[in-house]
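Engineer: Supplied in structure tokens, the structure appears directly below.
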Amino acid sequence: MSIAASLVMELRSRTGAGMMECKKALTETNGDFEAAIEHMRKSGLAKADKKAGRIAAEGRVAIAFAKDARRGAIVEVNCETDFVGNNPDFVAFVSAVAEAALASGATDVQALGAARLADGTTVDEARRALVVKIGENVALRRVELVVAKGTLCAYLHGIRIGVVVDVAGGNAELSKDLAMHIAASKPMCVSADQIPAEVLARERTIVEAQAAASGKPPEIVVKMVEGRLRKFAGESSLLGQPFVKDPDTSVEKLVKQAGARVHAFVRYEVGEGIEKAKGDFVAEVMAQARGG
């Protein structure tokens with residue numbers, strides 16, 4: 001049957017799908033507008049599920065704050081390519097996800113997926129619709145809700161690194177400096193005593209093997225091991241690191257001079273820990289062009 005162009009345009013406006021996909025859905029439902037929407041929704045879910053297994057290691061970090069800066073949410077949402085990471089629809093979705101995380105108080109990905117967006121749809125429903133629209137897997141990777149003991153400060157370095165830091169005392173400039181330092185220096189925790197025991201045990205095994213291979217006397221080896229562990233703890237903790245703007249001053253000294261205290265921080269970097277697949281980029285583009 002013949003499908004009016006105006007009906008195709010209206011369906012495209014409602015669903016955000018491509019012209020050909022809208023025309024196909026209307027043809028398969030004999031021009032029934034609502035049936036076409038339902039058909040596209042069902043086929044869209046199938047397409048989204050099909051793409052769910054594809055590695056998504058690109059994307060964006062987004063942060064949302066309450067007006068009083070006492071509650072904040074940070075999220076990482078992944079896609080497959082950096083091109084889609086800058087797609088306006090993807091950008092808007094990630095921002096909306098951060099706001100939904102803050103509003104709902106979601107503390108894990110499952111709860112985040114069930115949270116409602118401003119238009120009433122769930123985050124996961126919107127994610128699936130976006131997968132169909134952009135043709136790539138979109139994944140909610142992680143979320144963290146931060147409740148401040150002091151005041152929260154956020155810093156985004158481009159689209160890939162986001163930091164939320166909880167600081168009591170000091171001033172806004174200090175908090176921003178600390179957030180930027182955390183983004184650049186990747187500390188594991190605030191202070192050395194917060195380093196997980198298993199991390200220290202693994203590092204001890206490594207430095208013991210290195211020290212033993214030096215051929216030094218046992219008593220020297222012991223001192224070498226302890227010295228290297230202290231250095232590792234300092235380099236791994238925020239307070240033990242040299243401040244990026246002034247390497248002669250430690251972060252701990254900077255904070256003390258300001259009469260401040262760092263309670264906690266969260267640092268997200270897009271794709272960290274995800275093993276990226278190596279493939280033929282041209283082949284991937286051709287596959288997407290064919291609707292793969």
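Engineer: What pairs can you find where one residue is in the stretch 214-229 and of a type in the set (D, E, K, R), the other is surrounded by 12 or more Cβ atoms within 10 Å (Cβ to Cβ), and their Cβ atoms are less than 8 Å apart, with a gap of 6+ or different chains?
Structural biologist: Cβ pairs passing all conditions: LYS216/MET224; ARG228/VAL207; ARG228/GLN210; ARG228/ALA211.
Engineer: Could you tell me which numbered condition ASP177 fails, if it satisfies all but one of (1) open to solvent by 60 Å² or more (accessible area, probe 1.4 Å); (2) under 20 Å from ALA62 (Cα atoms); (3) of a type in the set (D, E, K, R)?
Structural biologist: Of (1) open to solvent by 60 Å² or more (accessible area, probe 1.4 Å); (2) under 20 Å from ALA62 (Cα atoms); (3) of a type in the set (D, E, K, R), only one is false for ASP177: (1).
Engineer: Six or more apart or on different chains, Cβ atoms under 9 Å: show the pairs whose first residue is in the stretch 90-103 and open to solvent by less than 10 Å² (accessible area, probe 1.4 Å) and whose second is at pLDDT 95 or above and part of a helix (DSSP H, G or I).
Structural biologist: Pairs found: VAL97/LEU112; VAL97/VAL123; ALA100/LEU112; ALA100/VAL123; ALA101/ALA111; ALA101/LEU112; ALA101/VAL123.
Engineer: Report the residue count in the stretch 162-217 for those that are of a type in the set (Lys, Arg) and closer than 20 Å to ALA258 by Cα.
Structural biologist: 1
Engineer: Of all the residues that make up the stretch 243-267, how many are part of a strand (DSSP E or B), touching an Asp or Glu at 6+ places or on another chain (Cβ under 7 Å) and either among the small types (Gly, Ala, Ser) or more than 18 Å from LEU152 (Cα to Cα) (or both)?
Structural biologist: 1
Engineer: Between a first residue in the stretch 116-135 that is touching a residue at least 12 places away in the same chain (Cβ under 8 Å) and on the phi > 0 side of the Ramachandran plot and a second residue that is open to solvent by less than 50 Å² (accessible area, probe 1.4 Å) and in a helix (DSSP H, G or I), which pairs have beta carbons less than 9 Å apart while being 6 or more apart in sequence or on different chains?
Structural biologist: What qualifies is GLY135/LYS51; GLY135/VAL84.
Engineer: Determine whether the stretch 214-225 contains at least one residue that is within 24 Å of GLU269 (Cβ to Cβ) and polar (S, T, N, Q).
Structural biologist: no
Engineer: What is the one condition in (1) of a type in the set (Gly, Ala, Ser); (2) modelled with pLDDT of 90 or more; (3) assigned to a helix (DSSP H, G or I); (4) open to solvent by less than 60 Å² (accessible area, probe 1.4 Å) that ALA184 does not satisfy?
Structural biologist: (4)
Engineer: Taking the stretch 118-159 as the search range and keeping residues that are part of a strand (DSSP E or B), open to solvent by 40 Å² or more (accessible area, probe 1.4 Å) and aliphatic (A, V, I, L, M), which one is farthest from GLY105 (Cα to Cα)?
Structural biologist: Residue satisfying both the conditions and the ranking: LEU156.
Engineer: Something else now. For the subset of the stretch 59-81 comprising residues that are closer than 14 Å to ALA139 by Cα and not in a strand (DSSP E or B), which member is most open to solvent (accessible area, probe 1.4 Å)?
Structural biologist: GLU80
Engineer: Between GLU275, GLU219, GLU208, which is modelled with pLDDT under 90 and surrounded by 15 or more Cβ atoms within 10 Å (Cβ to Cβ)?
Structural biologist: After ruling out the rest, the residue left standing is GLU208.
Engineer: For the stretch 236-266, give me each residue that is exposed (fewer than 15 other Cβ atoms within 10 Å of the Cβ) and over 14 Å from LYS176 (Cα atoms).
Structural biologist: Selection gives ASP246, PRO247, ASP248, THR249, LYS253, LYS256, GLN257, GLY259.
Engineer: Would it be correct to say that VAL147 is closer than 17 Å to ASP166 by Cβ, among the β-branched types (Val, Ile, Thr) and at pLDDT 90 or above?
Structural biologist: Numbers: closer than 17 Å to ASP166 by Cβ: yes; among the β-branched types (Val, Ile, Thr): yes; at pLDDT 90 or above: yes.
For VAL147, the condition - closer than 17 Å to ASP166 by Cβ, among the β-branched types (Val, Ile, Thr) and at pLDDT 90 or above - is met.
Engineer: When you look at SER237, is it within 20 Å of ALA148 (Cβ to Cβ) and in contact with a Ser or Thr (Cβ under 6 Å, 6 or more places away or on another chain), yes or no?
Structural biologist: no
Engineer: Starting from residues that are touching a helix residue (DSSP H, G or I) at 6+ places or on another chain (Cβ under 6 Å) and part of a helix (DSSP H, G or I), keep the ones in the stretch 104-117 and report whichever is surrounded by the most Cβ atoms within 10 Å (Cβ to Cβ).
Structural biologist: Step one: filter the stretch 104-117 for residues touching a helix residue (DSSP H, G or I) at 6+ places or on another chain (Cβ under 6 Å), giving 106, 112-113, 115, 117.
With part of a helix (DSSP H, G or I) added as a condition, the list becomes 112-113.
Numbers: LEU112: 25, GLY113: 19.
For the stretch 104-117, the residue satisfying everything is LEU112.
Engineer: What are the residue pairs meeting all of these: first residue in the stretch 21-40, first residue closer than 23 Å to GLY135 by Cα and open to solvent by less than 40 Å² (accessible area, probe 1.4 Å), second residue among the acidic types (Asp, Glu) and modelled with pLDDT under 85, Cβ atoms under 8 Å, and 6 or more apart or on different chains?
Structural biologist: Qualifying pairs under 8 Å: MET40/GLU21.
The values are calculated or read from the model by the stated rules, or taken from the named source; none is laboratory data. Everything quoted here is computed from the prediction, not taken from an experiment. Note that we place each Cβ from the backbone using ideal geometry, even for glycine, and neighbour counts take in every protein chain shown. Just so you know, the surface numbers come from the protein's heavy atoms only, side chains and all, with ligands and any DNA or RNA stripped out. Shrake-Rupley method; radii C 1.70, N 1.55, O 1.52, S 1.80 Å.
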